[in-house]
Amino acid sequence: MSTQNEIRRLTAPDIRARKGGEPLVCLTSYHAHTARILDGHCDVILVGDSLGMVMHGLETTVPVTLDMMILQGLAVMRGSRRALVVVDMPFGSYEASKEQAFMSAARIMKETGCGAIKVEGGRRMAETIAFLADARAVADAGAFSVVLEAIAEPLGRRITAAVAIPTIGIGASVACDGQILVLEDMLGLSPRVPKFVKRFGELGPSIERAVKGYAEEVRARTFPGPDNVYPMRKK
């Protein structure tokens, strides 16, 4: 492949430079095959700790481990070529100290090859703090973007104007510099979704119809048919 045709993966500085420009498109992914689909359309692919609920049926993200995040981060890196891949730091992997956070982040980035990691919280992770002060502290600390979740539009607009890094909204209005949703939510694969999610597809019923049709044909012995089996080789 020539140098001219090589696809360059976006970096954290690339995303930061998009502040105030074309909106950033971000979605979650946990698999190589969905990452491959998203890669042609998204600037950022987040390997979110929501994989605990989406993939493993957990009630919360609390039981998600560093090993789980690394495994799925590797899968998404294999399936993507252009988008910046960001991997969530799971609960309990960074809150104890800055040294713990560094070791966990270093392991994720070293073992997956991802371009960035994501942590939740602000100046003091254990305390509830004002969003505006929080966002400024995060930017000053060196973050390349900040996610604003489930906040009123005026506050989302205010924070976006107040910080020098891109804001990625999830239920925080179009005033943000970009948007992110959980892929399974926007595809109609999750049974319950938050108010801020728009279903751009209804794949759940389609998948169920396909599985039902498959099961019926297997039980009726109509699948596999002649087109789905191998003939004997003629000598």
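Bear in mind that the values in this text are calculations on the coordinates, not laboratory data. As the structure is a computational prediction, the values presented were derived from the model and not from experiment. Because the Cβ atoms are built from the backbone with ideal geometry, glycine has one as well, and the counts that use them run over all protein chains shown.
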Based on the Cα atoms of segment 155-222, what semi-axes does the equivalent ellipsoid have, where each is the square root of 5 times one gyration tensor eigenvalue, given in whole Å with the largest first?
41, 9, 6
First select every other residue whose beta carbon is under 12 angstrom from the beta carbon of CYS26; then total the charges, Lys and Arg +1, Asp and Glu -1.
0
With only helices counted (DSSP H, runs n ≥ 4, each -39500 (n - 2.57)), the per-residue ellipticity at 222 nm for the chain, to the nearest 500, works out to -10500 deg cm²/dmol
P(r) of the chain in 10 Å steps, Cα pairs, percent per bin?
7, 27, 33, 18, 8, 5, 2, 0
ARG107-THR60 FRET efficiency (beta carbon distance; Förster radius 22 Å; 0.05 resolution)
0.45
Which residue fluctuates most in the GNM of the chain (Cα springs below 10 Å): LEU24, LEU155, LEU46?
LEU155
To the nearest whole percent, what portion of all C-alpha pairs in segment 95-235 is separated by more than 27 angstrom?
49
So how long is each side of segment 25-66 along the principal axes, counting just the alpha-carbon atoms, biggest first, in Å?
32, 17, 16
